[in-house]
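Report on the structure given below.
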Amino acid sequence: MQSVALRKTAAGWEFISEAALEQFVWQNLSELFGFTPLRQQYRLKGEICDLLALDREDGLVLLKLKNVEDRYLMPQTTRYYDSLLEEKPFSDKVDYGRPLRLIAIAPSFHRHNWIDQKYSRLDVECLSFSIHQEPNGFSLHLAQLETGHNIKVALPYQALDLASFDDQLPPPPALLVDWLGACDAAAQKALISTRAKLLRFDPRLQETVVAKSVQTRVIQYGRGQKLCAELCFDRKAKQPVLFCGSPCQLVTTKNWWAECVCGYKVGKLPTWVISPKEWAR
């Protein structure tokens, strides 16, 4: 099973993102609920349904997930419900003669959620989740708030030993620590070792977290505009990826990814070599 990405907070542990929570639930729908996965991130009438699944009687199940408390959870779920009944996707697999089940999963629920639920005609099953660190590992706990039914499943998380970082180097950025939480022990070791080699290469080299967009941040290694390496997080593969600069132009093409040459791996870390021209983009 692929390792999940967690991070430690003052209150305990949490998934590093909603996408990480969604991916884990998607991969464990059968173990958690006995559901058959149908579609993840399904686009419908301009909106995206998190998870769609089939119950044991082929009824459609919509699962809405939140990594934080969200006062607008119920209105969103209602819109998805209306679109699904209107469009009736996957009619060759779904028995639309059965009620469409709605399940909301969040660490906690806003009081507005309960007001919406109180006056809604829809029956939304609300499950709160929490992450527990136990002597033999980590586990996810789901609590059905209306019935008190509890579900527990193991989380494949490799806790990061901060002592493994070289204390002669600057402390790692919090973003890097978060990314390492998605790696197994071998990949963690490879990435920590690679970071140390980069920072020891030249005392002038700096490690900087840069926001490429509202949702995308990277870690750059270099000085000013002169970069020698960049770390990003592949959301699809759920792992960090290292880009290394080449001293010469590699190829000429309009395709950015075609100008990246995946020549090797650093341990279990995917590594790409990219030309200076394309890096400047």
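The values are calculated or read from the model by the stated rules, or taken from the named source; none is laboratory data. This is a predicted model, so every value here is computed, not measured. Using ideal geometry, Cβ is built from the backbone for each residue, glycine included, and neighbour counts are taken over all protein chains shown.
Taken together, the criteria place A143 among residues that are at pLDDT 95 or above, touching a His at 6+ places or on another chain (Cβ under 8 Å), among the hydrophobic types (A, V, I, L, M, F, W, C) and not in a helix (DSSP H, G or I). If the condition is being among the polar types (S, T, N, Q) and within 18 Å of D92 (Cα to Cα), then the stretch 29-64 contributes T36, Q40.
Residue by residue, here is whether (1) in contact with an Asp or Glu (Cβ under 9 Å, 6 or more places away or on another chain); (2) aromatic (F, W, Y); (3) assigned to a loop (DSSP other than H, G, I, E, B) holds:
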residue: Y157; (1), (2), (3): no, yes, yes
residue: L160; (1), (2), (3): no, no, yes
residue: P170; (1), (2), (3): yes, no, yes
residue: L176; (1), (2), (3): yes, no, no
residue: A182; (1), (2), (3): no, no, yes
residue: A187; (1), (2), (3): no, no, no
residue: K197; (1), (2), (3): no, no, no
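Checking every residue in the stretch 82-103 against the condition of being within 30 Å of C183 (Cα to Cα) and touching a His at 6+ places or on another chain (Cβ under 6 Å) gives zero matches.
Out of the residues in the stretch 173-197 that are more than 20 Å from P156 (Cβ to Cβ) and surrounded by fewer than 19 Cβ atoms within 10 Å (Cβ to Cβ), which is farthest from the chain's Cα centre (by Cα)? Among them, the one singled out is K197.
Quick one: which residue in R43, R79, R71, R39 is in the same structural domain as W13 (by TED's automatic domain parsing), in a strand (DSSP E or B) and surrounded by 13 or more Cβ atoms within 10 Å (Cβ to Cβ)? Give the derivation first.
Working: R43 fails: surrounded by 13 or more Cβ atoms within 10 Å (Cβ to Cβ); R79 fails: in a strand (DSSP E or B); R71 fails: in a strand (DSSP E or B).
Exactly one residue qualifies, and that residue is R39.
Reported count of residues in the stretch 41-79, each being within 17 Å of the chain's Cα centre (by Cα) and on the phi > 0 side of the Ramachandran plot, is 1. Given the condition surrounded by fewer than 21 Cβ atoms within 10 Å (Cβ to Cβ), small (G, A, S) and on the phi > 0 side of the Ramachandran plot, answer yes or no: does some residue in the stretch 114-126 qualify? Scanning the stretch 114-126, I find no residue that is surrounded by fewer than 21 Cβ atoms within 10 Å (Cβ to Cβ), small (G, A, S) and on the phi > 0 side of the Ramachandran plot, so the answer is no.
Answer yes or no as to whether L44 is of a type outside the set (K, R), modelled with pLDDT of 95 or more and within 20 Å of V124 (Cα to Cα).
Values: of a type outside the set (K, R): yes; modelled with pLDDT of 95 or more: no; within 20 Å of V124 (Cα to Cα): yes.
So L44 fails the test.
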